[in-house]
Structures are given as structure tokens and as C-alpha cells.
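Inspection log for the structure reproduced underneath, given as C-alpha cells.
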Amino acid sequence: MLKELKSNLESLLNASMQEFTGNVDGLSKIFLEPPTDVIYGEFTTNIALKSAKLFKKPPLVIANELQKVFLENIKNSNHSSDIEKIEVKTPGFINFYLTPFAVSRVIDQLFDENENYGRDTFGNKEKIQIEFVSANPTGPLSIAHARQAAVGDALGNILEFLDFEVTKEFYLNDEGNQINLLGESIKCRANEILGQAVELPENGYQGEYIRDMAAEFMKKNGIKILKDIEKFSAADWRDFGVNYLLDVIKKELNDFRVYFDVWAHQSNIGTENNILQLLETLRAKGVTYEKDGALWFRSTDFGDDKDRVLRKSDGAYTYLTPDIVYHKDKFERGFSKVYNLWGPDHHGYIPRLKASVQALGYDKNCLSVIIVQLSTLYKNGEVLSMSTRKGQYISLREVMDEVGVDAARFFFMMRHVSAHLDFDLELAKKETSENPVFYIQYAHARIHSINVKAKDAGLTPKDKNFKLLNSEEELILIKKIGSFNDSLLMCYSQMDPYPLVNYLQELANCFHKFYDKHKVINEANSELSRERLGLANATKIALANGLGLLGLTTPEKM
């Protein structure tokens, strides 16, 4: 990791800038960034471009003048052996090129940290919550839920690795009209099983799984004739349905390697007492009013496009009311930031919820809603219908069974969450370099195979003081290993695991190119072989750490 060297160089460069210019008001602080292309070195700064107006000079002139000061100060610092050259490029960029010796220290650090390589104290134990999936317990998980599950779980893993105190939470909407419809639908199917034609309620659930649940309820409760059905209340059918499907959802998520710290139930949080307390809190803050027999929330005071009803004229609460109670509960549990992962059909709901957070006295930026776009499944080049049978859809279970957990998780993260995802089931099953997850895992397995051969040859890998790795492929691979932490920080800044997915693809590509060009086990030069073997093992550690954060396995054979 070049992070420490980058930080030290930034400090030295800022000190040099002060020496060169004096304490000029409005002078920007220098930050080094990776250049757009490796031909421009390891780091670059655009400080000359940013300060041209301040100094009233062309950026290129400023860059050349600063370069001279930087070179002199770096020459007299502890980093003289780290910098190969500093170049100025039009229109005023200053590019820094590191020596192979400086680059190779990445591997020394990696072996010192091993499975902790890439960790950071960036999060400083900040207490945050990520709520995702939160599917209504009215059916198995769909592929829309699957993508949220893969994204939310990986994001939580990455943020924990960056030293945030993360709580992964599933919010279970286990009451309300859709839950009542679930119970009625199960009861209707039970009547049908016993030969009684009963029409489903309007908007009732039609999937075949409802019939399976009805049969299970009948078996469990010894229902054999029609009059036995009436022995059970609406609540019995409803509660059975919720508990049955909750078990299904938990099993699917466990098999998908997604685990939650908290399962929050609306029935426990959105109680009548908690709702009344919320309404009194909002009333006391002067953000509610009565109109046409309904209770309204002045959400327009906080940027919403219109005010929202909290309690309808018939006394029933809208969906918004228990949601506000739930978010009030989140902040009262001490989270400084909460993240909700939602599907695109909830986009319009964001302003009113942010308004409610503000009305409760919290900064609206304490709540972030991440919209996870939908996925389209392809098989043999054709789009799969999202409705395999009336009332049913392609489920997470079906995708896992088709391509396996590793491929399913990876493919659901293969695009930015803000982008629609095309999921090619046939590609996900291929054992070729065309399949990105296979390509990455094959790099890990290939390194294991190299180690087996090295052991047979009596060769031990080097783990420090690398001096012979100076070919283009070796240095590019080392630099890519060194940018692991950068990819994680980018995941945080974008609140998206995609940068890590992309990083692992690039890392695997760098390794395969290195391996194809250079012989690792070289009997003619055992010291070079030891260093290349060490580089391979460093790559393996970076791959394993990244795959682990994404919830993927690290196979030793493919």
C-alpha cells in the first residue's frame, strides 16, 4: 500500500509550497491523486492549475517553478530514494514517478499485515446502520431483493473493514393490509384443497407457494374437512404465513451468505403507543395540522413537494407514519448515520422520509437512501420472463441453484448500484476467462498451484526486502496490489461495492499478465524465483481479502 508514502509526500509538498509562496491567503492544500494513466507515474497534483488565478501566472510556469523547489526538498528528505523523477506535463500537472525500491515496499507491508491488509482506521468506530432487503414476508425473495442483499452485505463488510461500527438490519413489515391478504389467500387455498371453490380476495396472492403453505397449515393443525378451517381465526392464518415465509427468507439469505445483526419487526416498533408518542412529538414541534378530518405532516417545510397525511380521516395510519417511528427508533439507538437500500420504485418516497428526519431534529444528511436498480436475467441470449407462472417470479433460490452462490453474488455487484444490471446466467456458469468471477478465483487457485510446485522444488517465497522485481509487469502488479485500500475508500465514498469488484478484476488481470510473461519457478535464478513467488503470494492475499469482503470463497482448485 502506497498510502503512507503518499501522505508523507503530501506533507513535504505542502511544506515546500509554503516555503515557496509564503502564507498566501486562499492557497489550496496539495493532494496527490493517481493519474489517469500509468504512463504519468504513481501520483499527480493539479495544484498549479488550481492556483493560477491566485498567482496570476500560467499553470505551466507555476508547475515548473514548484518542481524545482519540490526536487530540492525531496532530495534532502528521507524520501530521496523513493522518487525516480518528477515531471511537469501540459497544461500544468506535476507527476511523480516512484523507484522500483519504493514500489516494492508495498509487498513488505502486505506481508506484515496479511489478512488485515487494506484495513483502515478511517471510520473511527462511527456507529452506522445499513438497512437492506427488508422484503415484505409475503413470498420468497426475488432477484430485486437478491441484488440488494449482495450489495448491502458486501458494503457492510467493507465499512467494517474501514473501522466503522456497522449494524446490518432487516426491517420486517409484518402487519397491515398486505399481511392480512396473505392470511386470507392461504385460507382460500385451503378451501380449494378440500374441494370448495373460493374466490381469492382482490389483490390476493396467487403463487403456487400459497397452496403449499395452505397444505402445510392443514397438516400441522389436522384440518381434514371444511368446517375445521373455520376453527382458526384470521390472525392464525396470517401469523402462520408470516412465520413460514420469514423462515424461508432467512434460509435463503443464509444460503446466500447474508447475515443480519438485527431483525426489526414493525409490529414491535410501530405500536399504537409509539405512534401516539411520535404524533405528540410532531405536534409539539408545530409540524402537523388537521384538515378534512385527517392529520397532516407539514413536509413542505422541509423541502417535500407536498404535505403528507399521517392519519386518514377513518383513523387508519398511512404507511409513512410507522416508517417515521422506525427511523426515530434508529436514531434513538445512537446511529450517527443510517443507510437505506431501496428499489427504484421507492424513489419518490425519499423526500418525505428525509423531511420527517429533519422534523424530528436530525440533520437530513444523517439519512442516506441508496437506490439499487433492477436486474434483467438472460439465458441463451434471451430475456427471461419475470413471471414464470401467474403470481410467481424468478426467485433468488432459482438463481443460486442455477449458477451457484459465488457467481450469483458477484454478478449482482458487477455494475454500479445506480445502473441497471444485465445478468447473463450462461456466462455466470462458464469456466473461462470470459466469466469475471471465474477469472478472479482462477488467479487465486493458480497461485496455490504455484506454491505446491515451489514446495516440491524446495523453493521458499521471499516476504521482505524485494530488490529484483523491476519488469513492467511486476511493477504494475505491485502498484495494483498497493491500491487495494484506495478501492475500499472509493466504495465508501460511492456507497457501492462496485469499485472493489472492478479492482479485483484488474488485479487478476495484472497477475495473469505477469504470470504469462515471467517464469516464477526459475531454477537458473533462485533469488528471483523467491521474489516472484513472494509477489504471487502477495497477490493471493489481496485477492483473498477482497473476495472475502464481497462474501465469495477463495478456491485452491478450479
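The values are calculated or read from the model by the stated rules, or taken from the named source; none is laboratory data. Quick caveat, the model's predicted, so the values are computed rather than measured. All Cβ positions, even for glycine, are placed from backbone atoms using ideal geometry, and neighbour counts span all protein chains on display.
Being out of contact with any Gly (no Cβ under 6 Å at 6 or more places or on another chain), more than 30 Å from E160 (Cβ to Cβ) and hydroxyl-bearing (S, T, Y) holds for only one residue in Y339, Y326, Y259, Y289, and it is Y289.
Note on region 298-330: residues that are out of contact with any Phe, Trp or Tyr (no Cβ under 9 Å at 6 or more places or on another chain), touching a residue at least 24 places away in the same chain (Cβ under 8 Å), assigned to a loop (DSSP other than H, G, I, E, B) and under 17 Å from G286 (Cα atoms) amount to 1. Restricted to region 193-216, and to residues there that are at pLDDT 90 or above and more than 14 Å from L182 (Cα to Cα), the residue that is surrounded by the fewest Cβ atoms within 10 Å (Cβ to Cβ) is G195. Is it the case that N73 is more than 23 Å from the chain's Cα centre (by Cα) and part of a helix (DSSP H, G or I)? It is true that N73 is more than 23 Å from the chain's Cα centre (by Cα) and part of a helix (DSSP H, G or I). Only one of the numbered conditions (1) under 25 Å from C491 (Cα atoms); (2) out of contact with any Leu (no Cβ under 8 Å at 6 or more places or on another chain); (3) surrounded by fewer than 19 Cβ atoms within 10 Å (Cβ to Cβ) is violated by L110, and that is (3). Does T99 satisfy being among the polar types (S, T, N, Q), closer than 28 Å to E474 by Cβ and either in contact with a His (Cβ under 8 Å, 6 or more places away or on another chain) or surrounded by fewer than 19 Cβ atoms within 10 Å (Cβ to Cβ) (or both)? Judged against the criteria, T99 is a match. Number of residues in region 88-120 that are charged (D, E, K, R) and out of contact with any helix residue (DSSP H, G or I) (no Cβ under 8 Å at 6 or more places or on another chain) equals 3. For region 28-72, the set of residues classified as touching a Leu at 6+ places or on another chain (Cβ under 8 Å) and surrounded by fewer than 17 Cβ atoms within 10 Å (Cβ to Cβ) consists of L54 only. Looking at (1) within 26 Å of the chain's Cα centre (by Cα); (2) surrounded by 23 or more Cβ atoms within 10 Å (Cβ to Cβ); (3) not basic (K, R), which one does F514 not meet, given that it meets all the others? With respect to (1) within 26 Å of the chain's Cα centre (by Cα); (2) surrounded by 23 or more Cβ atoms within 10 Å (Cβ to Cβ); (3) not basic (K, R), F514 is out only on (1). Screening the candidates L66, L110, L60 for the property of being under 15 Å from E10 (Cα atoms), part of a helix (DSSP H, G or I) and of a type outside the set (D, E) yields one hit, L66. Residues in region 448-478 that are assigned to a loop (DSSP other than H, G, I, E, B) and polar (S, T, N, Q): T460, N465, N470, S471. Can you find a residue that is buried (at least 23 other Cβ atoms within 10 Å of the Cβ) and not in a helix (DSSP H, G or I) anywhere in region 176-186? The answer is no, given that none of the residues of region 176-186 is buried (at least 23 other Cβ atoms within 10 Å of the Cβ) and not in a helix (DSSP H, G or I).
Evaluating S28 against the criteria (1) over 27 Å from the mean Cα position of the chain (by Cα); (2) under 28 Å from L477 (Cβ atoms) leaves one unmet condition, (2).
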